[in-house]
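Only the coordinates and a few stated rules stand behind these numbers; no lab work does. Since this is a predicted model, take the numbers as computed values, not measurements. With ideal geometry, Cβ positions are generated from the backbone for all residues, glycine too; neighbour counts draw on all protein chains shown.
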Amino acid sequence: MALSLENINLVKQRSRWQTLKKPAQTEALRALWIHMEQKGNPDLQLVTFDQTGNADTVIADAACKLYAVVFNKPATSTTAAWLKISDHATTAAAAGDLVIPLAAAAAAIKNGAIVCPDGLDMANGVTMASHTAVNGNTDSNDADAAAGFVIIGAA
């Protein structure tokens, strides 16, 4: 998917709806918005993703910056998974450039927000996957994979 940037205020509004019942995610994004005001409120894009198991999900197929990843793993999940974000236009690498552990235990990470205030450079694009092992590339089941959204901007 090519970049389709829009006014930051529209991205803020949509992200607030997405995180309405998750105050910690809302606060993490609020810190990003404050930082972005100091950078002149650049245009951004919010891209949603469903459970990323069983297939790689292309977020962007062009150079961009990754500013935030907001994710929620199903409460009924009982198996660990790793949400992997790769600097690639079509494929999520087994190693991933950003790897988020989504453990099975009730007290482990099941939802959250990763914010990169100055953006994580993704020279080739952004592709996501959910794998069963941190160093493997076997896709997770949808029931164990996260859903959510990412916020990206121009490179």
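Observations, loosely collected:
- Against the list (1) closer than 15 Å to Asn72 by Cα; (2) buried (at least 16 other Cβ atoms within 10 Å of the Cβ); (3) of a type outside the set (D, E, K, R); (4) in contact (Cβ under 8 Å) with a residue 24 or more places away in the chain, the condition Thr26 fails is (4).
- Of all residues in region 114-146, those satisfying the criterion of being assigned to a loop (DSSP other than H, G, I, E, B) and among the hydroxyl-bearing types (Ser, Thr, Tyr) are Thr132, Thr138, Ser140.
- Residue list for region 73-93, restricted to those being crowded, with 17+ Cβ neighbours inside 10 Å and either more than 27 Å from Ala154 (Cβ to Cβ) or not small (Gly, Ala, Ser) (or both): Lys73, Ser77, Ala80, Ala81, Trp82, Leu83, Lys84, Ile85, Asp87, His88
- Annotation: Thr48 fulfils all but one of (1) hydroxyl-bearing (Ser, Thr, Tyr); (2) exposed (fewer than 15 other Cβ atoms within 10 Å of the Cβ); (3) part of a loop (DSSP other than H, G, I, E, B); the unmet one is (3).
- Those residues of region 51-96 which are aliphatic (A, V, I, L, M), in a loop (DSSP other than H, G, I, E, B) and touching a helix residue (DSSP H, G or I) at 6+ places or on another chain (Cβ under 9 Å), in sequence order: Ala80
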